[in-house]
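Got a structure for you, written out below as structure tokens; questions coming shortly.
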Amino acid sequence: MSEPIPVTRDVDHGTAKLMPDVDRERAWLLTVDGAPQSYVDLDEPMHLEFEYARRLGYVLDVVAEPGRALDVLHLGGGALTLPRYVAATRPGSRQDVVEADRGLLELVAEHLPLPEGARVAPHAADAREWLENAAGDSADVIVADVFGGSRVPAHLTSVAYVRQAARVLRGRGVYLANLPDAAPFDFLRSQLATLATAFEELVLIAEPGVLRGRRFGNAVLVAGHEPVDVAALARLTAADAFPARVEHGAALREFIGDARAVRDEDAVPSPEPPDGAFGIG
């Protein structure tokens, strides 16, 4: 059997590269313009290589009883890592994936096909436009993992955007976001304040070193109208190879402090990562 070889292709928003993992037979790393975007193991869709993806996976595990099918809207597609995870852990789930880069979707469909029977529908569209046209009360979970290059686009950070997400979610629905930042956390704090305009319950999951201001990194935000199982999340994230802290309640309100919600006219992208922050190890 021939060894898999890297695939490089110009897509709509940069140069995408699929690189085989020498340690896992049918696993691939997707980068766009050199920045790691997704990791997929075609034989083991429940394997989540990236730390932030595992944290999103832990939340997806606890938002409903194990195995229950959910209607999930993914904003940002990459190599469809989390849709594959949901299809494996919650069979029968209906999933829509909104990815602005049509060329990237075509590359992934060609080289990393979805498993048979996965109810995953990819759509080439802008995330906010899709959200604004989506039916109300139509999703159990929204996963926002949208990057233009290595930054979250400004139009996905405002009160108007968050209100659309709240409209699309069902009453017990949960909004998840993967957001990068570093101390003094101006972006992250403003995003929490923005989510608080539409949701009563907020949770922050991040590595202790990031929260202590030692390095730039990803944080996972969880928002909803009903409390999530924080104790279960804390157990799962603490047991990870790279343990994370789960902040909520008074500690999270203190973290948000006097940060203000973001209006469309004031919205800015997430901060530019420092060189090497998300390099390939």
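The values are calculated or read from the model by the stated rules, or taken from the named source; none is laboratory data. Just so we're clear, the structure is a prediction, and the values are computed from it rather than from any experiment. As a convention, Cβ positions derive from the backbone with ideal geometry for all residues, glycine included, and neighbour counts pool all protein chains shown. Just the protein is used for accessible areas: all its heavy atoms, side chains included, with ligands, DNA and RNA removed. Shrake-Rupley method; radii C 1.70, N 1.55, O 1.52, S 1.80 Å.
Would you confirm whether any residue within segment 104-113 is buried (at least 17 other Cβ atoms within 10 Å of the Cβ), at negative phi and not in a helix (DSSP H, G or I)?
Scanning segment 104-113, I find at least one residue that is buried (at least 17 other Cβ atoms within 10 Å of the Cβ), at negative phi and not in a helix (DSSP H, G or I), so the answer is yes.
Then there is this: Test G224 against the stated conditions and say whether it is over 18 Å from L131 (Cα atoms) and either charged (D, E, K, R) or at pLDDT 95 or above (or both).
For G224, the condition - over 18 Å from L131 (Cα atoms) and either charged (D, E, K, R) or at pLDDT 95 or above (or both) - is not met.
Could you say whether any residue in segment 257-271 is open to solvent by less than 20 Å² (accessible area, probe 1.4 Å), of a type outside the set (A, V, I, L, M) and out of contact with any Cys (no Cβ under 8 Å at 6 or more places or on another chain)?
yes
Could you check L30 against (1) in contact (Cβ under 8 Å) with a residue 60 or more places away in the chain; (2) of a type outside the set (S, T, Y); (3) loosely packed, with under 15 Cβ neighbours inside 10 Å and say which number it fails?
(3)
Separate question: Inspect segment 85-98 for any residue being among the acidic types (D, E) and in contact with a helix residue (DSSP H, G or I) (Cβ under 7 Å, 6 or more places away or on another chain) and give the result as yes or no. Can you show your working first?
From segment 85-98, those among the acidic types (D, E) are 96; that's our starting set.
Still in the running and in contact with a helix residue (DSSP H, G or I) (Cβ under 7 Å, 6 or more places away or on another chain): none.
Checking segment 85-98: not a single residue is among the acidic types (D, E) and in contact with a helix residue (DSSP H, G or I) (Cβ under 7 Å, 6 or more places away or on another chain).
While we're here: For segment 47-84, which residues satisfy the criterion of being touching a strand residue (DSSP E or B) at 6+ places or on another chain (Cβ under 8 Å) and small (G, A, S)?
Residues satisfying the conditions are A53, A64, A69, G76, G77, G78, A79.
Just to be sure before I move on: is A134 farther than 14 Å from D264 by Cα and touching a helix residue (DSSP H, G or I) at 6+ places or on another chain (Cβ under 8 Å) in the structure I sent? Full working, then the answer.
Working: farther than 14 Å from D264 by Cα: yes; touching a helix residue (DSSP H, G or I) at 6+ places or on another chain (Cβ under 8 Å): yes.
Criteria met by A134.
I'd like the full set of residues that are open to solvent by 20 Å² or more (accessible area, probe 1.4 Å) and either assigned to a loop (DSSP other than H, G, I, E, B) or in contact with a helix residue (DSSP H, G or I) (Cβ under 6 Å, 6 or more places away or on another chain) (or both), limited to segment 143-158.
Looking only at segment 143-158, we keep the residues that are open to solvent by 20 Å² or more (accessible area, probe 1.4 Å), and these are 145-151, 153-155.
Passing the criteria: D145, V146, F147, G149, S150, P153, H155.
Sticking with this structure for a sec: What's the number of the condition A196 fails, among (1) of a type outside the set (S, T, Y); (2) in contact (Cβ under 8 Å) with a residue 60 or more places away in the chain; (3) under 21 Å from P36 (Cβ atoms); (4) open to solvent by 10 Å² or more (accessible area, probe 1.4 Å)?
A196 satisfies all of (1) of a type outside the set (S, T, Y); (2) in contact (Cβ under 8 Å) with a residue 60 or more places away in the chain; (3) under 21 Å from P36 (Cβ atoms); (4) open to solvent by 10 Å² or more (accessible area, probe 1.4 Å) except (3).
Can you find a residue in segment 76-84 that is over 15 Å from the mean Cα position of the chain (by Cα) and either open to solvent by 20 Å² or more (accessible area, probe 1.4 Å) or not hydroxyl-bearing (S, T, Y) (or both)? I'd like the intermediate steps shown before the answer.
Kept after step one, since they are over 15 Å from the mean Cα position of the chain (by Cα), are these residues of segment 76-84: none.
No, that holds for no residue.
Only one of these is of a type in the set (G, A, S), without any contact (Cβ under 8 Å) to a residue 40 or more places away in the chain and open to solvent by less than 30 Å² (accessible area, probe 1.4 Å): G57, G14, G67. Name it.
Working: G14 fails: without any contact (Cβ under 8 Å) to a residue 40 or more places away in the chain; G67 fails: open to solvent by less than 30 Å² (accessible area, probe 1.4 Å).
None of the other options fit; the residue is G57.
A follow-up question, please. Does any residue of segment 116-137 turn out to be touching a residue at least 24 places away in the same chain (Cβ under 8 Å), surrounded by 24 or more Cβ atoms within 10 Å (Cβ to Cβ) and assigned to a strand (DSSP E or B)?
Among the residues of segment 116-137, not one is touching a residue at least 24 places away in the same chain (Cβ under 8 Å), surrounded by 24 or more Cβ atoms within 10 Å (Cβ to Cβ) and assigned to a strand (DSSP E or B), which makes the answer no.
Here's something else I'd like to know. Inside segment 258-281, can you point out the residues that are at pLDDT 95 or above and farther than 16 Å from T197 by Cβ?
Step one: filter segment 258-281 for residues at pLDDT 95 or above, giving 258-271.
Of everything in segment 258-281, those that are at pLDDT 95 or above and farther than 16 Å from T197 by Cβ turn out to be V268, P269, S270, P271.
Out of the helices (runs of 4 or more DSSP H) lying entirely within segment 172-275, which hold 1 or more residues that are closer than 21 Å to A53 by Cβ? Break it down into steps so the answer makes sense when it comes.
Working: elements: 186-195, 208-211, 230-238, 249-256.
Once the helices (runs of 4 or more DSSP H) in segment 172-275 are filtered for at least 1 residues that are closer than 21 Å to A53 by Cβ, what remains is 186-195, 208-211, 230-238.
Moving on to the next point. Step by step: first the residues of segment 238-256, then only those that are under 21 Å from R189 (Cα atoms) and touching a Pro at 6+ places or on another chain (Cβ under 8 Å), then the one that is surrounded by the fewest Cβ atoms within 10 Å (Cβ to Cβ). Which residue is that? Even if it seems obvious, please write down each step before you answer.
The first filter runs over segment 238-256 and keeps only residues under 21 Å from R189 (Cα atoms), leaving 244-256.
Filter again for touching a Pro at 6+ places or on another chain (Cβ under 8 Å), leaving 244-245.
Values: A244: 28, R245: 16.
If we take residues in segment 238-256 being under 21 Å from R189 (Cα atoms) and touching a Pro at 6+ places or on another chain (Cβ under 8 Å), then R245 is surrounded by the fewest Cβ atoms within 10 Å (Cβ to Cβ).
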